[in-house]
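The values are calculated or read from the model by the stated rules, or taken from the named source; none is laboratory data. In this text, all values refer to a predicted model and were calculated from it rather than measured experimentally. Cβ: placed from backbone, ideal geometry, glycine included. Neighbour counts: every protein chain shown. Accessible surface is based on the protein model in full, side chains and every heavy atom, while ligands, DNA and RNA are left aside. Shrake-Rupley method; radii C 1.70, N 1.55, O 1.52, S 1.80 Å.
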Amino acid sequence: MKNKMIYLLGAGGFSRELYSYLERTDFTYNGYVFGGFLDDNEYALEGYDISHVVKGKLKSEDLNNEDVILLMGVANCRLKNQLYDFYKALKFEFLTYIHPSVILGHNVDLGEGCVLAPNAVVTTNVSIGKLCTLNANSTVGHDATIGDFCTLSGHCDVTGFVTLDNRVFMGSHSLVIPSTIVGADVVIGAGSVIISKVKSGTTMFGNPAKKIK
């Protein structure tokens with residue numbers, strides 16, 4: 001039986017970053033070969049030096065789950081959740097991508113479809129839910145728990161015993177101090193420092209971070 005082809009969900013900036021990592025391994029990963037992008041904008045890749053093309057819509061019913069495995073290139077937490085529900089109903093699998101430079105410690109549990117970009121560090125006794133994104137140079141400390149569909153942008157720091165609920169978005173260079181609980185659907189602005197419990201649905205910004213929405 002032939003190997004499945006990787007289709008990248010999204011053709012924006014983060015997807016193009018993932019594409020550049022795959023390019024360094026001749027567009028193969030764990031026996032799968034890259035096949036193209038899925039995006040609602042068929043012209044999303046125009047002007048970029050990219051040899052592959054947009055193959056279809058972001059939510060495409062024309063794909064065969066026996067031929068394609070999906071790689072999440074979308075950072076928006078709610079959209080990741082929606083795409084997961086859509087494609088799981090069609091019995092698709094999501095590929096977990098771990099860049100060769102990533103450090104994974106002891107007793108790390110990764111959910112389906114996670115993406116760990118260059119130099120991400122996950123230490124020990126960590127649980128990370130499905131379709132979570134750890135962008136370049138982000139760190140997750142010991143005994144942390146991260147829910148489903150979360151996104152850690154570049155240079156984020158989730159410290160020891162932190163809990164992030166589902167769909168938490170952390171902007172670049174943001175930090176959550178030890179033993180802090182962050183509720184679902186929280187947005188943490190770039191450079192912000194979370195020093196106390198955050199209620200679900202809150203947007204936080206600043207150092208120390210305060211509610212702005």
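Could you list, in sequence order, all residues of region 183-195 that are surrounded by fewer than 21 Cβ atoms within 10 Å (Cβ to Cβ) and either touching an Asp or Glu at 6+ places or on another chain (Cβ under 7 Å) or in a loop (DSSP other than H, G, I, E, B) (or both)?
Of everything in region 183-195, those that are surrounded by fewer than 21 Cβ atoms within 10 Å (Cβ to Cβ) and either touching an Asp or Glu at 6+ places or on another chain (Cβ under 7 Å) or in a loop (DSSP other than H, G, I, E, B) (or both) turn out to be 183, 184, 185, 189, 190, 191, 195.
May I ask you to verify whether residue 56 is over 21 Å from residue 184 (Cβ atoms) and open to solvent by less than 40 Å² (accessible area, probe 1.4 Å)? Break it down into steps so the answer makes sense when it comes.
Details: over 21 Å from residue 184 (Cβ atoms): yes; open to solvent by less than 40 Å² (accessible area, probe 1.4 Å): yes.
Here the answer is yes, as residue 56 does meet what is asked.
Only residues that are farther than 18 Å from residue 124 by Cα and buried (at least 22 other Cβ atoms within 10 Å of the Cβ): list them for region 169-182, please.
Once the filter is applied, which keeps residues that are farther than 18 Å from residue 124 by Cα and buried (at least 22 other Cβ atoms within 10 Å of the Cβ), region 169-182 yields 169, 170, 174, 182.
Somewhere in region 89-107, is a residue over 22 Å from residue 21 (Cβ atoms) and touching a Lys or Arg at 6+ places or on another chain (Cβ under 6 Å)?
Narrowing region 89-107 to residues over 22 Å from residue 21 (Cβ atoms): 89-91, 106-107.
Now drop any that are not touching a Lys or Arg at 6+ places or on another chain (Cβ under 6 Å), which leaves none.
Looking through region 89-107, none of the residues is over 22 Å from residue 21 (Cβ atoms) and touching a Lys or Arg at 6+ places or on another chain (Cβ under 6 Å).
Could you please give the count of residues in region 64-95 that are of a type outside the set (D, E, K, R), in a loop (DSSP other than H, G, I, E, B) and at pLDDT 95 or above?
At the first step, the residues of region 64-95 found to be of a type outside the set (D, E, K, R) are 64-65, 68-77, 79, 81-84, 86-87, 89-90, 92, 94-95.
Among the residues that remain, those that are also in a loop (DSSP other than H, G, I, E, B) are: 64-65, 73-76, 90, 92, 95.
Retained after the next criterion (residues that are at pLDDT 95 or above): 73-76, 90, 92, 95.
Going through region 64-95 one residue at a time, the tally reaches 7.
Only one of (1) within 15 Å of the chain's Cα centre (by Cα); (2) open to solvent by 40 Å² or more (accessible area, probe 1.4 Å) is not met by residue 122, so which one is it?
Tallying (1) within 15 Å of the chain's Cα centre (by Cα); (2) open to solvent by 40 Å² or more (accessible area, probe 1.4 Å), residue 122 fails exactly one: (2).
Just name the residue that is least open to solvent (accessible area, probe 1.4 Å) out of those in region 196-209 that are free of Cβ contacts under 8 Å to residues at least 24 places away in the same chain and out of contact with any strand residue (DSSP E or B) (no Cβ under 7 Å at 6 or more places or on another chain).
206
Filter region 96-109 for residues that are over 20 Å from residue 14 (Cα atoms), open to solvent by less than 50 Å² (accessible area, probe 1.4 Å) and outside any loop (DSSP other than H, G, I, E, B) and give the result.
Looking only at region 96-109, we keep the residues that are over 20 Å from residue 14 (Cα atoms), and these are 103-109.
Next, from what is left, pick out any that are open to solvent by less than 50 Å² (accessible area, probe 1.4 Å): 105, 108.
Across region 96-109, the qualifying residue is only 108.
Any chance you could count how many residues in region 157-168 are crowded, with 24+ Cβ neighbours inside 10 Å and closer than 17 Å to residue 137 by Cβ?
Adding up the residues that qualify gives 1.
Give me the pairs: first residue in region 93-111 and farther than 16 Å from residue 126 by Cα, second residue in a strand (DSSP E or B) and of a type in the set (S, T, N, Q), beta-carbon distance under 9 Å, and six or more apart or on different chains, which are they?
Within 9 Å, no pair qualifies.
Is there a residue in region 71-92 that is touching a strand residue (DSSP E or B) at 6+ places or on another chain (Cβ under 7 Å) and surrounded by fewer than 19 Cβ atoms within 10 Å (Cβ to Cβ)?
Within region 71-92, none of the residues are touching a strand residue (DSSP E or B) at 6+ places or on another chain (Cβ under 7 Å) and surrounded by fewer than 19 Cβ atoms within 10 Å (Cβ to Cβ).
In region 123-164, which residues are assigned to a strand (DSSP E or B) and over 19 Å from residue 193 (Cα atoms)? It would help to see each step written out before you state the result.
Our first condition is that a residue be assigned to a strand (DSSP E or B); within region 123-164, this holds for 126-128, 133-134, 139-140, 145-146, 151-152, 157-158, 163-164.
Within region 123-164, 126, 127, 128, 133 meet the criteria.
How many residues, within region 29-43, are open to solvent by less than 60 Å² (accessible area, probe 1.4 Å) and either touching a Lys or Arg at 6+ places or on another chain (Cβ under 9 Å) or modelled with pLDDT under 95 (or both)? Step through it out loud before you land on a result.
Within region 29-43, the subset open to solvent by less than 60 Å² (accessible area, probe 1.4 Å) is 29, 31-32, 34-39.
Going one step further and asking which of them are either touching a Lys or Arg at 6+ places or on another chain (Cβ under 9 Å) or modelled with pLDDT under 95 (or both), we end up with 31-32, 35-39.
Selection size over region 29-43: 7.
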